[in-house]
Every structure is written in C-alpha cells, then in structure tokens.
1. For the stretch 277-291, check the following and say yes or no: at least one residue is at pLDDT 70 or above, in contact with a helix residue (DSSP H, G or I) (Cβ under 6 Å, 6 or more places away or on another chain) and not aliphatic (A, V, I, L, M).
2. Is at least one residue of the stretch 69-78 surrounded by 12 or more Cβ atoms within 10 Å (Cβ to Cβ) and either at pLDDT 70 or above or in contact with a Lys or Arg (Cβ under 6 Å, 6 or more places away or on another chain) (or both)?
3. Give the residues of the stretch 116-128 that are loosely packed, with under 12 Cβ neighbours inside 10 Å and either closer than 30 Å to residue 188 by Cα or in contact (Cβ under 8 Å) with a residue 40 or more places away in the chain (or both), sorted by residue number.
4. Select from the stretch 180-208 the residues that are of a type in the set (S, T, N, Q) and over 18 Å from the mean Cα position of the chain (by Cα) and list them in ascending order.
5. Do we find that residue 141 is buried (at least 19 other Cβ atoms within 10 Å of the Cβ) and touching a residue at least 12 places away in the same chain (Cβ under 8 Å) in this structure?
6. Inspect the stretch 252-265 for any residue being in a helix (DSSP H, G or I), of a type in the set (Val, Ile, Thr), out of contact with any strand residue (DSSP E or B) (no Cβ under 9 Å at 6 or more places or on another chain) and modelled with pLDDT under 90 and give the result as yes or no.
Amino acid sequence: MSKLTRMGAWAAVPLLAAMITLFPIAALSQGAPAAPSAPAAGAQPDASAPAAVAPKAAAGPSRSVEIVDNPYGLEALWKGGDIVAKITLGILAFMSMGSWYVIFTKVYEQAKMRRQARAANKSFWNAKSVEEGAAGLKASSPFRFIAESGLEASNKHVGLLGNVSMNDWITMSIQRAIENVQSRLQDGLAFLATVGSTAPFIGLFGTVWGIYHALTAIGIAGQASIDKVAGPVGEALIMTAFGLAVAVPAVLGYNWLIRRNKAAMEEVRGFGADLHAVLLSTPTPTTVQPAPKTVARV
C-alpha cells in the first residue's frame with residue numbers, strides 16, 4: 001500500500017508542474033484581445049468596409065516647440081499695474097539710466113584729466129616762462145586754468161590788493177582755481193548718492209502698493225488659492241528687486257569715483273604748489289610810484 005502511495009506521489013509531481021506552467025499562459029490568453037479571424041476561403045471582401053490605412057513612415061524625428069507666455073513676467077506687471085506702479089517703474093528706470101550716464105562720463109573725464117596731467121608734467125616745466133608753459137597746454141586743461149590764474153594774480157597785485165603780501169595773494173588765487181577744478185570733478189556725484197539712498201525705498205513703495213492691490217483683487221474675487229496669490233504678490237516683489245538693482249551700482253560707482261577723484265586732485269594740488277613756488281621766485285616788474293607834489297611857498 002505504501003509503495004502504491006509513493007508511486008502516486010511521484011506521478012503527481014509532473015502533473016503539478018504542468019499545471020503551474022500552463023496557468024499564467026491561460027491567464028494571459030484570456031486578457032489578450034482575440035485575434036481577427038481569417039476570412040473564409042472564397043469569401044469576397046466587403047467593399048463598403050474602409051480599407052486599412054498603413055501608417056506612413058516618419059521622415060525623421062519631429063520636435064514641436066510650444067511657446068507659452070509667462071503670465072507672471074514683466075509684461076504682465078506693466079499691463080496689470082495701475083498708474084502709480086507705472087510711475088514708480090519709470091522713476092526707477094530714470095534713476096538707473098542717470099546713474100550709468102554719470103558713471104561713464106565721470107570715468108571719461110577722470111581719464112582725460114590724467115592724460116592732461118601727464119602732458120603738463122612733460123611740457124610745462126620745460127618751458128622758459130610760465131606764460132610759455134601755459135600757452136603749450138590745451139585750452140580745456142585744468143592745469144592751464146590754474147597756471148593762468150596764478151599769472152593773473154601776480155600781474156594784478158596793485159591798488160588795494162597791493163596791501164596784501166604777494167605770497168598770500170598768489171596762494172589764495174591758486175587755491176581758488178584748485179577748488180574750482182575740484183567742484184567740477186564732483187559734478188554728478190550728488191545724484192549717485194541720492195539714487196543709492198532712495199532707490200531701495202522707492203522699490204519698497206512699489207512693492208507695498210502692488211501687494212495692497214493684489215490682496216484687494218483677491219479679496220474681491222474670493223479665491224485665495226496659491227495660483228491666485230503667487231502671481232500678483234510675486235509681481236509686486238519685483239519692485240523691490242528693481243530698487244536694489246538701481247541702488248547697488250549707484251553706491252559702488254559713487255565710492256569708486258570718490259577714490260579716483262582723490263587721486264586726480266593730488267596731482268592738481270601738487271601742480272599748484274610747484275606753480276606757487278615758481279611764481280614767487282620769478283621777478284616781477286616793480287611799479288614806479290610818482291613823486292609827491294611839493295607846494296611852492298610864497
């Protein structure tokens with residue numbers, strides 16, 4: 001009996017393996033769509049049935065590019081903003097253009113002044129006289145202006161001015177000319193300082209105004225979802241970024257130009273000190289005073 005049982009068990013093993021193998025195949029065959037049956041022999045194809053259209057082979061890999069307008073960009077900010085927001089943007093744009101104009105013009109003027117300083121050091125001190133040295137400089141040169149101011153002071157030391165010592169009079173004249181040159185160099189720097197100190201606050205004002213109108217519009221619409229809040233509030237925050245983008249170059253440019261002006265004025269003051277010494281050592285024609293009239297006595 002046990003021998004028959006063992007023989008039945010060994011016979012059941014291949015049967016079980018065959019069932020396990022055939023079970024997923026049967027399941028897949030049930031899930032797959034039925035294949036179309038072949039037409040019977042001699043059957044004519046239906047003329048009314050549309051002919052199967054063979055797919056055309058693609059000529060090459062096609063790539064479609066979809067252009068999506070940004071609803072939260074600068075264009076939306078300009079179109080959606082009111083008159084106050086547009087005026088704020090206009091003020092920031094004017095400040096930015098004015099700052100860059102001042103920076104570029106002052107850098108050009110400082111470079112030109114350095115070239116004029118090299119020309120003055122090369123030609124002026126080799127001249128035979130102060131008049132000849134001043135005439136050899138360009139008319140727009142600040143060094144020629146200082147030299148002519150010193151010459152005019154030495155030639156006009158008459159009348160009431162004659163009561164002032166020659167040293168003090170020439171010193172005051174040259175110092176006035178140097179201060180005039182320094183004032184000319186500082187033109188435009190006040191604008192940079194103003195832009196650097198006020199642009200962030202103007203941008204902050206635009207942000208506050210934009211957020212106020214955004215929240216008002218959201219409250220009226222009654223929709224406070226993230227897509228309704230992110231756009232208007234993000235556009236308002238752009239104003240603060242604009243303010244910082246205008247202020248930072250103005251502050252950096254102001255400090256840089258101040259340092260370059262200091263180096264240029266050191267050369268001007270050195271030229272003025274040397275000119276002062278030359279003018280004092282140059283003999284000047286003495287003015288002949290008329291003899292006092294005597295009254296004849298009778």
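The values are calculated or read from the model by the stated rules, or taken from the named source; none is laboratory data. Note that the coordinates shown come from a computational prediction; the quantities given were computed from them, not determined experimentally. Every residue, glycine among them, receives a Cβ derived from its backbone with ideal geometry; neighbour counts consider all protein chains shown.
1. No: the stretch 277-291 contains no residue that is at pLDDT 70 or above, in contact with a helix residue (DSSP H, G or I) (Cβ under 6 Å, 6 or more places away or on another chain) and not aliphatic (A, V, I, L, M).
2. no
3. 118
4. First, pick out the residues of the stretch 180-208 that are of a type in the set (S, T, N, Q): 180, 182-183, 186, 194, 197-198, 207.
Scanning the stretch 180-208 gives 180, 182, 183, 186, 207.
5. The answer is yes for residue 141.
6. no
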